[in-house]
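Note sheet for the following structure.
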Amino acid sequence: MKHGDLSSALLDASRHVDVHMSPEGAGMVCVDCHVGNRHEWPGSRYHGTISDTSRQRPGMRNTDILACNSCHTSAPHEALSVKGSKLNDHIDRVACQTCHIPEFAKGGVATKTWWDWSTAGKLKDGKPYSEVDENGRDIYLTIKGDFRWGEDVVPEYEFWDGIVEYTLLGDKIDPSGIVGINRIGGGPDQPGSLIFPFKRMLGKQAYDEINQYLIQSNVYGPEGDTALWSNYNWDKALSAGMAGSDLPYSGKFGFVETEMWWPTTHMVAPANEALKCSACHARDGRLAKLAGFYLPGRDGFTLTDRIGLWLLAMTLAGVALHAGLRILSRRRDNREG
Amino acid sequence: MAERQYVKIFTRFERFWHWSQALLVLALLFTGARLHGLIGGMYWGQAFRLHLIAAGLIILLWIFAIFWHFTTGAWQHYIPTLRNLVPVIRYYAYGIFRGEAHPAKPTIHRKHNPLQRLSYLFLKLVINPAIWATGILYLTVNLTGLDLQTVAWLHVVSAYAMAIFVVIHVYMATTGDTPTAYVKAMTTGYEWVVVEEDAAGG
């Protein structure tokens, strides 16, 4: 599964795996959430709804839009308790999913975290082969390359405004860094952005070294001998693949490291497994790498703290000095009678 | 020199107020340092809860104390005075090492020396309100839409001021006739004081 949060584990899930779909939980099915007014399926990979901002009427759900707060309201925690009201205060900054999906790829079904196409095509004794790890998962396939898998994966966190842009065939890339197959919009200062959990899928894909764009191969096709999966020859497969597009292909190819962002929205854990305060409010917490905003417990005030602690230390030193002098002078007085 | 007597100068309320405030301030300083990431030793969420409980209690205590100060007239002990201020400063900087007598021993009508008056007044009019106000702003930052970082900074700066006050105050408490004399007085309420017949110092 490429999706880290949608897998067969949802079909008979424990509450730990998914509170909504578990028979011991809410016992819901996909269409309980994905109801479409006009035969549309709310929930898209191109434009996510991170929060339902339509006017909410009690007991009514706007079925054109799907977000957690469509059902739970935007203040789902006990408003009269300090904890609950503080949790509610987070909602303008932190997506529900961030706290409520501490891990994805739960329930024993792993998700692919790495897919390296560059190694595809190796043969053993002239034949394609595969390797599996101790859990029986493919880690090498001649037709697909190397894989790595993850279970109970901790998401990556980024600000997101719900917009995902895909690198299209022909878009220029910079092969010196990691190339984004997609990019997520939003940032700490952009209104409407929330901290959201993602699966960041990494891998390697073919690109045209001269034209500097990602290229497609013909992996499987009726042409037979040009398809990667029948002759394991990248040259031919890429030429055939690109011939099917309008773009020129220089014939020189290499592999670049790629990343792809998958928003995580299923596999909501039971409330008691939601992230604890210290998962974020800590120097080395889950949000350690996310910059551009003040997070109590993670961020200090470098200069102010230095001055404050220095003054405090000076005060202690002054007090110690004063005490020392008092003791000395008392001794002297005692000796002098 | 006027006669000194062992009399009660701190009422039950004053002592209760002093020690519960001391406990709450220490609790707030330590949980606050934990929340700010300066020390460890406790979950952040636990520290947050304790910090808010202590903050709620101390505000309640302050409200009682303010009420008490005005109804009993005890606020007059904090009226700043320049009289005798310089000798007192000179005493702590020099005379104390020479075994000189304190230039402003407490009397029934003047429980605090001029330096104490100034520093307690500073505590009550500057540090406490700063902590209180910035703390409330912090708690409601999501409602008011103020900048979190600015509010947090103001609160932290007030907290450093409080920490420094506490260190000096605790040390000054050891400068009585014996190192524990003042602490004893604040605990039992009784102290050797000058009982003036004329109340001129009042």
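Laboratory data are not the source of any read-out in this text; all were calculated from the coordinates shown. Given the structure is predicted, the values throughout are model-derived calculations rather than measurements. Glycine also receives a Cβ, built like all others from the backbone with ideal geometry; neighbour counts cover every protein chain displayed.
Numbers at a glance
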quantity	calculated
Compactness of chain B as Cα Rg over 2.2 N^0.38 Å, two decimals	1.16
For region A:99-196: rounded, prolate or oblate by the Cα gyration tensor [a/c cutoff 1.5]	oblate
Net +/- balance of residues flanking A:Ser245 in space, Cβ distance below 14 Å, scoring K and R +1, D and E -1	-3
For residues of B:36-49, the mean tally of beta carbons on other chains within 10 Å	5
Å³ per residue enclosed by the Cα convex hull of region A:200-324	249
Listed residues A:Thr302, A:Thr226, A:Thr265, most fluctuating in chain A (Gaussian network, C-alpha, under 10 Å)	A:Thr302
Alpha-carbon centroids, region A:117-170 and region A:193-222: separation in whole Å	11
Calculated FRET efficiency for the pair A:Ser250/A:Leu11, C-beta based, R₀ 30 Å, to 0.05	0.05
Solitary cysteines of the protein assembly as shown, where the nearest other Cys Cβ is not under 4.7 Å	A:Cys30, A:Cys33, A:Cys71, A:Cys99, A:Cys277, A:Cys280
Subset of A:Lys127/A:Lys172; A:Lys106/A:Lys172; A:Lys122/A:Lys289; A:Lys106/A:Lys289; A:Lys2/A:Lys83; B:Lys124/B:Lys184 violating a 30 Å alpha-carbon distance limit	A:Lys127/A:Lys172; A:Lys106/A:Lys172; A:Lys122/A:Lys289; A:Lys2/A:Lys83
Calculated FRET efficiency for the pair B:Ala101/B:Tyr6, C-beta based, R₀ 30 Å, to 0.05	0.95
Of the DSSP H helices in chain B, those whose Cα atoms cover at least 24 Å axially and whose Kyte score averages -0.5 or more	B:12-35, B:44-72, B:148-172
Cα-based helix-to-principal-axis angle, A:234-243 vs chain A, degrees rounded to 10	80
Chain A: most fluctuating residue of A:Arg306, A:Arg148, A:Arg15 per GNM, C-alpha cutoff 10 Å	A:Arg306
Cβ-based charge dipole, chain A, positive-most Cα from A:Gly84, A:Gly187, A:Val94	A:Gly84
Extent along principal axes [Cα atoms of the protein assembly as shown; Å; largest to smallest]	116, 58, 40
Efficiency of FRET between B:Met42 and A:Tyr166 - r from beta-carbon atoms, R0 41 angstrom, step 0.05	0.35
C-alpha long axis of helix A:302-336 to longest principal axis of chain A, angle in °	30
